[in-house]
1. For the stretch 51-165, list the helices (runs of 4 or more DSSP H) that sit wholly inside it and hold at least 3 residues that are of a type in the set (D, E, K, R); which are they?
2. How many residues does the stretch 1-22 contain that are at pLDDT 95 or above and open to solvent by 80 Å² or more (accessible area, probe 1.4 Å)?
3. Of the conditions (1) under 26 Å from residue 61 (Cβ atoms); (2) exposed (fewer than 13 other Cβ atoms within 10 Å of the Cβ); (3) modelled with pLDDT of 95 or more, residue 85 satisfies every one except a single condition; which number is it?
4. Restricted to the stretch 92-128, and to residues that are within 19 Å of residue 210 (Cα to Cα) and aliphatic (A, V, I, L, M), which residue is least open to solvent (accessible area, probe 1.4 Å)?
5. Looking at (1) open to solvent by 20 Å² or more (accessible area, probe 1.4 Å); (2) closer than 26 Å to residue 78 by Cα, can you tell me which one residue 193 breaks?
6. Only one residue in 213, 240 is exposed (fewer than 15 other Cβ atoms within 10 Å of the Cβ) and within 14 Å of residue 65 (Cβ to Cβ), so which one is that?
7. Given the conditions (1) at pLDDT 90 or above; (2) under 26 Å from residue 109 (Cβ atoms), and given that residue 126 satisfies all but one, which numbered condition is not satisfied?
Amino acid sequence: MASIVLDRVCVDFPIYDSDRSLRKLLFRSSVGGVVRRDESRRNRPTVRALDELSFELADGDRVGLIGQNGAGKSTLLRVMSGAYRPSSGSIEVEGTVSALLTLGIGFDPEETGYENIHNGCLLVGMSPTEIREKMDEIADFTRLGDYLSMPARTYSSGMQLRLSFSIATALDPEILLLDEIMAAGDAAFITKARQRIDNLMEQASLLVLTSHSSETIRQFCNKAIFLRSGHVEEFGPVESTLNAYEQWLAAA
């Protein structure tokens, strides 16, 4: 049974060269959260991107993360995926995880497409046996043909995106994490990509996705979390949570 349990999870990012007001502004705008002083680190300024988050997600949940830019949505997904560790608090994840967050992590332009598939699949948690079984399927999905035997630095940006997307979606996950529903490449590949994401959503036991579209949340989710400045403002059924978010937007 897939599940995610957060208990008072906080994520802090230290601000280096904090006397530079422009850097402080840029850092704050990129991660959101609240600027504060960390006494345990010689009073160094930090940004608290997530602040005391506690909730449980269970098998069958389809959860949408909503909130303005900088609310902590992408940071929360990265904590759930294991890419970020909480600064304090704890998170327990049961089930295999596939996270479509930043495509291209672990991508080596000097290696061939096939080598990148192998290494990328290792990074998303597949065993060597699973990689051998899925290699032909992944290669076919990329539609890169003989280019897979060439160094990835020879690829166009669209070809690199195809390869990265094909690797990232190769795992059959129990838990699927999506940072927006992304398009990848030309029109024909976009159609294939959306079909694959739809299939992954149907197969996953637990889904968490971010979106600025209320209709997307309504289409795919049965619950929603409204984040504001790293706090959970509302967590519950989709309609009531979206209403709380829309009322807050109207009043802001």
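The values are calculated or read from the model by the stated rules, or taken from the named source; none is laboratory data. This structure is a prediction, so every number in the text was calculated from the model and none was measured. Neighbour counts are summed over all protein chains in view; Cβ atoms, including those assigned to glycine, are modelled from backbone coordinates with ideal geometry. Surface accessibility is based on the protein's heavy atoms, side chains included, excluding ligands, DNA and RNA. Shrake-Rupley method; radii C 1.70, N 1.55, O 1.52, S 1.80 Å.
1. In the stretch 51-165, the matching helices (runs of 4 or more DSSP H) lie at 128-142.
2. Adding up the residues that qualify gives 1.
3. So residue 85 meets the others, but not (3).
4. Restricting to residues being within 19 Å of residue 210 (Cα to Cα) and aliphatic (A, V, I, L, M), the top hit is 100.
5. Exception for residue 193: condition (1).
6. Exactly one residue qualifies, and that residue is 213.
7. For residue 126, the exception is condition (1).
Rundown of residues vs (1) within 26 Å of residue 81 (Cα to Cα); (2) surrounded by 20 or more Cβ atoms within 10 Å (Cβ to Cβ); (3) out of contact with any helix residue (DSSP H, G or I) (no Cβ under 6 Å at 6 or more places or on another chain), yes/no style:
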| site | (1), (2), (3) |
| --- | --- |
| 137 | yes, no, yes |
| 158 | yes, no, yes |
| 171 | yes, no, yes |
| 221 | yes, yes, no |
| 249 | no, no, yes |
